[in-house]
Structure formats: structure tokens, C-alpha cells
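Asks: If you scroll down you'll find the structure; I have some questions about it.
Values quoted throughout were computed directly from the atomic coordinates according to the rules given, and no laboratory measurement underlies them. In this text the structure is predicted, and so the values were computed from the model without any measurement. So basically every Cβ, Gly included, is an ideal-geometry build from the backbone, and we count neighbours across all protein chains shown.
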Amino acid sequence: MIPLGHEGIEKIRKGKQHLEVELAKHLNGHFKKYYAYSLRKMVYELIHEILRVGEGELNRFLHDPAERILDKIKWRQYLLFRGRAAGPVGHTWDGLHQFSMSSYLWSLEDCSDIIRLFGEINEEFPRFAEHLKGQRRLRPNPTFVQVGKPKTGSKPIKEGGWGENFGHRDRLEIGEDDQIRRGAPYVNIGPIVRGVEKYKFEPKSVIATIDRTFGLRPEGGDVSGTTTDSIYALRWAGGTAGVNPNILAAFQLLPMVTMVPQGHHAMVECAYPLSRHGYIDYHIGYYKTLVPLKATDRIKQDLEKVIAQYDSDMRNKHILVWGHGTQEEGVQMATQAEIDDFKRMARVLSAYGFCVAGGLNNVDEALNVARSFRAGLVAAELTRLKGQGAIGVSELERKFRQFGLR
């Protein structure tokens, strides 16, 4: 186990950010090669469900200034409507209908955008009440109640409350003048604003705490609601198109393999809802746990071959961090035995639970968490390093000891 200071932690965070985007890009290419046909088949069902709105209604939905719905859903920012779907008939029912006729050309990103549009349409038209009910059933709020806080009568999180609302994503939209455009490691999406450019975490974001605690760079759009909507949409479309449920389980990774390369969400922000609904059981930094639990054996083996190299990549450092800002410190798991033991603590569903309270403030809290997860080797090493004064003391005190002044 290697002690880390703030600078070392930041270096690891940068490396893991690039690593996870590269992994998502690799999965994206794999999906394009092997799974695109079946995905297009399912998404074809979604686009025709959208067209049930009717030409007049849908056109008003898109263009009536009184409705202002166009502004709400950022229709023109969808990648697919900046390309083939716009066409000579523009953003209309007819344009969408014409687009549906070229499904053999759809990219994975087109499919993802249609799923997103399906989710937005469901929220606006009463005829899709059952779809909306299905979507909302997958997005219960709150996620957790903070220990020691009241379960009722609390203010909403946006008004400074905690209690029953704590655990919901907490993010703020950045004004256009303050948005900083990003390039590498993300793919080029032209003038469209990325999630990492458009949003910043607010103090009560549990995902941001997970990022800091496990050596990830805190950026992105918080818990991905689009991933949850996609789960419902693909369930419905897969059933309508007669797709084998075990194959459909693998397709649920679609939001991750499209949005992470684009910079709309970070990997853990998509992996958390997928884990919460039983499609994967993600352990942060243990990338083979991204393989869907209920996929066919052939698909599992296929995806493991793609992912395996990222588990063993030199940038994949397994670390535990406590403290805040420049005062944070942590440890890196150095041996395979430590890495194996640490996996107990890195399960995203469990990590969400202990990060609800704001993460780890000191080495004693880190030690208590290690013990509670029966990570005996991690706890023993933390105890040893603490006893040596290698961790749990200020940076200034460490310098004094290094030069024999204590």
C-alpha cells in the first residue's frame, strides 16, 4: 500500500479519466461492429411509437413558440437532427418519418438520441402516460436518506434541505458565458455542449463524493437520468421487437458507450443506475464488472475480451482518498492481494451508501469503512501506515518528520 498526497491523487485522477473514456470508445466500436443491427431494430420501434403523436401535434410540439418545448428538450442539439434527420423537411413529423426509412444507416449515437427523444416525448403527451409511469418507476427519489436526518418535512435539496431528498443528484447548470469547451479525450461533437461543460456538481452530490473517494475526476452530469430512461425504452422496444432478454441485457450498456465518449456523463454516472437496476454490479475501477450479469455466455466472454486490457492498464490505480482539497490524502493498493481485498469497498452500490454522508474526512473513518466491509488486509495496512505516521498527519508534519525535526 502506497501513501499518496494531493498531487499524486490528482495525477491518478487524470489518468483514470482518459482510461475510462478510451474504454468507452473501445466498447463503442465493438457495439458498432457486432450489435448495431439489433439495436437499430429495437430503436425502429421507438421512432414509430413517437410518430404516433400525429403530424399536427408533433409539429406544434416542435415549433409553436407558445409551447417553448423546443427550448426545453434542446431538439436542435441532438446529433441526429444536425445530420440526416434535418434534411429538406427540417425538424418535423415528416422529417422524422423520412429518417426512420434509413434505419440501416443509423449510428449508435442516432439510436441513443432517439431513445432520449422518446423519454422527452413521454413526459409531454398524455397518450404516453403508461410509458411515463414506467420511466418514473425506475427513477425513485430519494435514493437514500442520510443517517440522522429527518425522513419527512425536509426542504427540497435545491433549497438547502437534506433529509429524505439527500441522495438525489445535485448539479448546477453553468451559464453559457462560463462554459469551458473541451477537446481530448472526448470525441468531436461539433458545437454541441457536453455534459462536462454544461454542468458542475453542487455540494450534496453523492456521485461527486464517490469520485473524490475513489480517485476519479469529479466532472460530468451526475447520476444519468438518460441511462435510466434508456433502460425502460430498450425493455419496451426489446419486448416489442422480440429480442432475447439475455441479449437485451448487453444492449443496456448503450448509454455508457455513447455518452461517455461524448463527454455527457462519466462512466460511474451511467454504471450506478445500471447497477441499481441489476444489469451490472459495477465495482469502481474493476472494469470486468461492467459485463452485464444476465447476458449470454458468449456475449459475456466477448465483452470481457474487450475490457480485460483496461483492468490491467498501468493507469488503473485503485486508491482510497479522504480529506478535502489540497489537504486530502490517501493510499494506493500496491499488491494483487490488496487490490482483491479492496474490491469489497469499491462496489458502487455500497460506496454510494457510505458516500451519502459526505465521504471520508480522515484516516480513522477510512479504517472504519474498511473494517465494516471486512476488507481485513486493507484495514491492517491502513493501521500499520497510520502507526508509522505515513498517513493521517498533515503535509507540514510529514515534512518535519522527513527531515528529522520530530
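Asks: Using the 10 angstrom Cβ neighbour count as an exposure proxy, how do 264, 283 rank, fewest first?
Replies: 283, 264
Asks: What's the extension gain from residue 173 to residue 57 if we count 0.36 nm per residue and subtract their Cα-Cα distance? Intermediate results must be reported in sequence, preceding the final value.
Replies: Details: separation 116, 0.36 × 116 = 41.76 nm, distance 3.00 nm.
The span from residue 173 to residue 57 would gain 38.8 nm if fully extended.
Asks: What number comes out for the charge environment of residue 348, summing +1 per Lys or Arg and -1 per Asp or Glu over other residues with Cβ under 15 Å away?
Replies: Charge balance in the 15 Å sphere: +3.
Asks: So, counting K/R as plus one and D/E as minus one, what does the shell of residues with Cβ under 10 Å around residue 174 add up to?
Replies: The answer is -2.
Asks: Under 17 Å Cα-Cα from residue 300, which aspartates and glutamates qualify once same-chain neighbours fewer than 8 residues away are excluded?
Replies: List returned: 281, 311.
Asks: Quick one: in the range 305-406, what % of C-alpha pairs are over 18 Å apart?
Replies: Considering the range 305-406, 53 percent of its Cα-Cα pairs are separated by more than 18 Å.
Asks: Here is a further query. Quick check: Cα centre of the range 261-298 to Cα centre of the range 318-354, how many Å?
Replies: Answer, in whole Å: 18.
Asks: Sequence neighbours fewer than 8 away in the same chain don't count; with that in mind, list the aspartates and glutamates whose C-alpha is under 16 Å from residue 399.
Replies: 7, 328, 329
Asks: What nm distance separates the two modelled labels at residue 349 and residue 393, each placed 7 Å from Cα along Cα→Cβ?
Replies: Output for this residue pair reads 4.2 nm.
Asks: Could I ask something else about it? Kindly flag which residue pairs out of 305/386; 204/288; 343/386 have an alpha-carbon separation exceeding 32 Å in this structure. Don't skip to the end; give the middle numbers.
Replies: Values: 305/386 39 Å; 204/288 29 Å; 343/386 21 Å.
In this structure, 305/386 lie more than 32 Å apart at Cα.
Asks: At 7 Å along the Cα-to-beta-carbon direction for both residue 304 and residue 402, put a label point, then send me their distance in nm to one decimal.
Replies: Here the modelled spin labels are 4.3 nm apart.
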